[in-house]
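Nothing in this text is a laboratory measurement; each read-out follows from the coordinates by a stated rule. The structure presented is a predicted model; accordingly, all values stated were derived computationally and were not measured. Glycine also receives a Cβ, built like all others from the backbone with ideal geometry; neighbour counts cover every protein chain displayed.
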Amino acid sequence: MNVCELIEWFEGWANPAWQEKWDNCGWQIEPGILDQPAQVLVCLTPTLAVMAEAIALQQQGTPVNLIFAHHPLIFGPLKSVQKGDAIGDMVRLSITHQIGVYSAHTNFDQVMDGTADVLSQLLELQNAEPVEPTQDGLGYGRVGTLQPALTLQQLLSKIQSTLQPADLLVSPMADRQQTIERVAVLGGSGASYISAVSQTGAQAYLTSDCKFHQFQESRDRNLILIDAGHYATERPACERLSQKFLDQGVDWSQLSQADEDFRRFWAAR
């Protein structure tokens, strides 16, 4: 399967036309690789560290020619491309080493086996459905039922062991021994969906990037908010995507080992 065929397959599954107006899905840099056999490094965020990893793999004999990322490299209009600037250096290295950069963001969030759906599968939610439907059963977030039900403490332990986040932020007044049956999930920044989640009957909501007053809002809505971090809640879908590429006939696909978690709590000792 060449790069063009891979992108055609992917866009038939997660159409870039479904992206939000503010988003920038699709090709970020296409250095003339469409006819080459696809050799794909999948990552959450396309950074210089990931590009360095792809170049190193080339030098070791694995002809990586595509970085397939969830987050876009380019969000807003560029005013310049310069050496020493992260995006400028990504463009230079991409063209020099013939490594394209493609991003699937809000279109990938909505689909089966996308960011939210993979989270719901990892937590073994039953009868999961979108929190905010968009079309044909697709949409943002997932809400479903735990069978059997868990205590909140058991749910937190399951999240910790499954996602291995650096930290978990949790509504502080929640009773850890209460029974949790209905859970909502949304990978990445999901605080704007708190209102929608509260209308689904969910008792707990797993997402990330939540602020002080959003924890307050959740408390006022009788919703236990669990913030496991952007990286931990979205990287599992990237791992699943790498396997899907192999299943589609790609010769080589691997999850990046240089992907970075940009937010950590510092523990004083």
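Sequence-ordered 3J(HN,Hα) estimates for region 40-50 from the Karplus curve with 6.51, -1.76 and 1.60 and θ = phi - 60° stand at 10, 9, 9, 9, 7, 10, x, 10, 4, 5, 5 Hz, glycine and proline given as x. Can you give the Rg to Rh ratio for region 122-261, taking only C-alpha atoms and Rh from Kirkwood? Across region 122-261, the Cα-based Rg/Rh ratio is 0.99.
Kirkwood-based Rg over Rh for the chain (C-alpha set), two decimals?
With Rh from the inverse mean 1/r over Cα pairs, Rg/Rh is 1.00.
State which stretch of the chain is the longest one without any exposed chymotrypsin sites (Phe, Trp or Tyr not before Pro), exposure meaning a DSSP loop state and at most 16 other Cβ atoms within 10 Å. Answer from the scan: 76-261.
Which net charge results when you count Lys and Arg as +1 and Asp and Glu as -1 among the other residues whose beta-carbon is under 13 Å from that of Ala166?
Overall, the nearby charge balance is -1.
Output the pairs from Lys21/Lys79; Lys21/Lys244; Lys158/Lys211; Lys83/Lys244 with a Cα-Cα distance over 29 Å in this structure; if there are none, say none. Over 29 Å apart, Cα to Cα: Lys83/Lys244.
Charge tally for Trp13 (other residues, Cβ to Cβ under 11 Å; Lys, Arg +1; Asp, Glu -1): -2. All other residues whose Cβ lies under 12 angstrom from that of Pro130 are scored, Lys and Arg at +1 and Asp and Glu at -1, for a net of -4.
Using a 10 angstrom cutoff on alpha carbons, build the Gaussian network for the chain and name the most mobile of Thr106, Thr179, Thr200. Looking only at Thr106, Thr179, Thr200, the biggest GNM fluctuation is shown by Thr179.
Taking a ≥ b ≥ c as the square roots of the Cα gyration tensor eigenvalues, with a/c under 1.5 meaning rounded and otherwise prolate when a/b beats b/c, else oblate, which class fits region 3-108? Cα axes put region 3-108 in the oblate bin.
How much length would be gained if the chain were fully extended between Ala258 and Ala52, taking 0.36 nm per residue of separation minus their Cα-Cα distance, in nm to one decimal?
Numbers: separation 206, 0.36 × 206 = 74.16 nm, distance 0.86 nm.
That pair, Ala258 and Ala52, stretches by 73.3 nm at full extension.
Within the listed set Ser192, Ser171, Ser120, the Gaussian network model of the chain (springs between alpha-carbon atoms below 10 Å) gives the highest mean-square fluctuation for Ser192. Helices in the chain, meaning DSSP H runs of at least 4 residues, each add -39500 (n - 2.57). Divided by all residues, the mean residue ellipticity at 222 nm is -10000 deg cm²/dmol.
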